[in-house]
Amino acid sequence: MSADEWVSTSMPYLTPQGAGRPDAWGAELAARGRRGGQRIVSAGEIPAVDEVAGLLGISVGDAVVVRRRVMYLENQPCELTDTYYPASIARGTRLAGTAKIPGGAVTLLAELGHIGVRVREDVTARMPGREEGEALGIEQGEPVLCLTRVTLDREDRPIQVDRMTMPAHRQRLRYEIRIG
């Protein structure tokens, strides 16, 4: 594995952080002695498109709150992340704004009474669109990995959908499963 490659696990991103703790991305970087950050490109309410509506269990066109971010590792863009929330959960909260959220969005969701207990992830590969390739700083012809994560609460209701796009050659996804 090269120094530019990143191994990502999902568990830290599903667990609320304690008071005063950094978000999961910042904590993971610090633990590995790496530098990085994120830039929130936009946030606010939009009408749900077909795929997002289906994942959140709402109707196409219903309002959702989206946060669009570019994640950086060692000052290099490594991921485009769009996170969607039902408007009934996120409207009027910090999730609908462009400021960083202390402890991250999962911590804020927990403070609002929405705790994820089950996650469903799908990973695909494809060629990026022109804007994605430019934003990620990848060459034409280099594929991206797309990870879609749906987080569900105790009643099996979707509370968050993450759609992440990453340069395939700089990413490894790791899944560890403990049985019993």
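Please treat every number below as a calculation from the coordinates, not as lab data. Note that this is a predicted model, so its numbers are computed, not measured. Here the Cβ positions follow ideal geometry from the backbone for every residue, glycine too, while neighbour counts run over all protein chains shown.
Structure notes:
- Qualifying trypsin sites (Lys or Arg not before Pro) in region 135-177, where qualification requires a DSSP coil assignment and no more than 14 other C-beta atoms within 10 Å, comprise Arg154.
- Computing FRET efficiency as 1/(1 + (r/R0)^6) for Leu112 and Gln76, where r is the C-beta to C-beta distance and R0 is 25 Å, gives about 0.15.
- Here the extension length gained between Arg178 and Val119 equals 19.8 nm, from 0.36 nm per residue of separation less the Cα-Cα distance.
- Cβ-based charge dipole, region 55-180, positive-most Cα from Val119, Leu73, Leu55: Val119
- Reported to the nearest whole Å, the Cα centre-to-centre distance from region 40-118 to region 146-180 is 14.
- Using R0 = 41 Å, the C-beta based FRET efficiency linking Arg126 and Arg154 works out to 0.75.
- Pairwise FRET efficiency - Glu45 versus Ala168, Cβ, R0 = 41 Å, nearest 0.05: 0.80
- Neighbour-limited loop hits for GluC sites (Glu not before Pro), region 37-114 (at most 11 other Cβ within 10 Å; DSSP other than H, G, I, E, B): none
- The phi torsions of region 142-158, fed into the Karplus equation with coefficients 6.51, -1.76 and 1.60 and a -60° offset, translate into couplings of 8, x, 10, 9, 10, 10, 10, 10, 10, 9, 10, 8, 4, 8, 6, 8, x Hz, rounded to whole numbers, with Gly and Pro shown as x.
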